[in-house]
Amino acid sequence: VDTETRHVLIEARLSELLNLLHLSGPHFDETPRRVASLLEAFTHQEVDVVAVLKSGLESNHDNMMVVQTNIPFKGLCAHHLVPFWGEAAIGYLPKTRVVGLSKLARLGTAAGERIPSTQETITSTIADVLWKGGRNESEVEAENGTGLNSAGVAVVSRAWHGCMAVRGPNVPRAQTVISAMRGAFVYSPNTKDEFLNMVNLSWK
Ligand SMILES: [Zn+2]
C-alpha cells in the first residue's frame with residue numbers, strides 16, 4: 001500500500017483501539033491522527049544510514065582522534081513502542097578519509113528513526129556504518145579499509161527508556177550506557193582510554 005493509504009488504515013485501527021479502551025471525548029478526537037503521525041515519524045525505513053556518509057573527503061590525518069559528543073538520538077523501543085532518547089559520542093581514527101562533522105550528528109538521528117529498535121542496535125549500527133560503510137566483512141578485508149578507511153571507530157550511547165520509566169521496573173532515572181568499539185579501540189587499551197577521557201571531558 002502507498003503511504004497515504006497506509007496512514008488512513010493506521011488511523012482507522014487506532015480509532016478502533018480507542019473504542020476498545022472506552023476512550024472518547026474531545027481530547028481523543030484527533031488522537032488517531034496524532035498517534036499515526038508519531039508512529040510514522042519513527043518508521044523511516046527508507047532512511048539510508050550509509051548514504052549519510054557518502055560525502056566523506058579524502059584527507060590525510062595520521063595520529064589524530066576525532067570525537068564528537070552530545071549527539072542526540074531518539075527512537076521507539078521495538079518491544080513496547082514507547083520512546084527512548086539519549087545522546088551518543090562518536091570517535092574515529094582517520095587515515096585517508098574524513099567525514100563532515102555534521103554527518104556524524106545526522107547519522108545518530110538517522111539510525112534512531114529508521115525503525116522501532118533498541119539502544120543496542122542503534123549503537124552498533126552507528127559503529128558499523130562508520131567502520132564498514134555498509135559493506136560486508138570480506139569486502140572490507142579485501143580493500144583493507146573501512147567505511148571511513150579509519151583505523152578504528154568508537155561509539156558510546158546513553159539513554160533513558162520510557163518503557164523502564166512508566167512500566168515494568170518503574171525506574172525513570174535509570175540510564176543505560178552502551179559502547180561499541182571497532183578496530184584499534186578494541187585491541188588498544190590506550191586508544192580506548194583516550195577516547196573515554198575525551199568523552200568525559202565534555203560529558204558531565
Ligand atoms: Zn521497551
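Loop sites only, by DSSP: take the GluC sites (Glu not before Pro) in the chain that have at most 13 other C-beta atoms within 10 Å and name the longest stretch containing none of them. Segment 47-204 is the longest. Calculated mean residue ellipticity, 222 nm, the chain: -12500 deg cm²/dmol, from DSSP H runs (n ≥ 4) at -39500 (n - 2.57) each, averaged per residue and rounded to 500.
For the pair residue 102 and residue 15, what calculated FRET efficiency results from E = 1/(1 + (r/R0)^6), where r is the Cβ-Cβ distance and R0 = 45 Å, to the nearest 0.05? In this case the efficiency is close to 0.65.
Counting only DSSP beta bridges whose two residues both lie in the chain, roughly 95 percent are antiparallel. With r as the distance between the Cβ atoms of residue 51 and residue 204 and R0 = 22 Å, compute the FRET efficiency 1/(1 + (r/R0)^6) and round to 0.05. Calculated transfer efficiency: 0.05. Report the residue, chosen from 20, 53, 104, that carries the largest GNM mean-square fluctuation when the chain is represented by alpha-carbon nodes joined by springs under 10 Å. With Cα springs under 10 Å in the chain, the top fluctuation among 20, 53, 104 is at 20.
Each of 92, 187 was scored by other Cβ atoms within 10 Å of its Cβ. Arranged with the fewest first, they read 187, 92.
Once the Cα-Cα distance is subtracted from the 0.36 nm per residue extended length, the residue 37 to residue 69 segment shows a gain of 8.6 nm. Placing dummy labels 7 Å off each Cα toward the beta-carbon, the span from residue 4 to residue 173 is 5.1 nm. Over the chain, Cα pairs under 8 Å with separation of 6+ residues give a relative contact order of 20 percent. Ordered by the count of other Cβ atoms within 10 Å of each Cβ, fewest first, 64, 164, 198 give 64, 198, 164. Close Lys pairs in the chain (alpha-carbon distance under 22 Å; sequence gap of 8 or more, or different chains): 11.
Note on residue 186 and residue 120: the model spin-label points, each 7 Å out from Cα along the C-beta direction, lie 1.7 nm apart.
Bear in mind that the values in this text are calculations on the coordinates, not laboratory data. Note that the structure is a prediction, hence the values are computed from the model and not measured. Neighbour counts run over all protein chains shown; Cβ positions are idealised from the backbone, glycine included.
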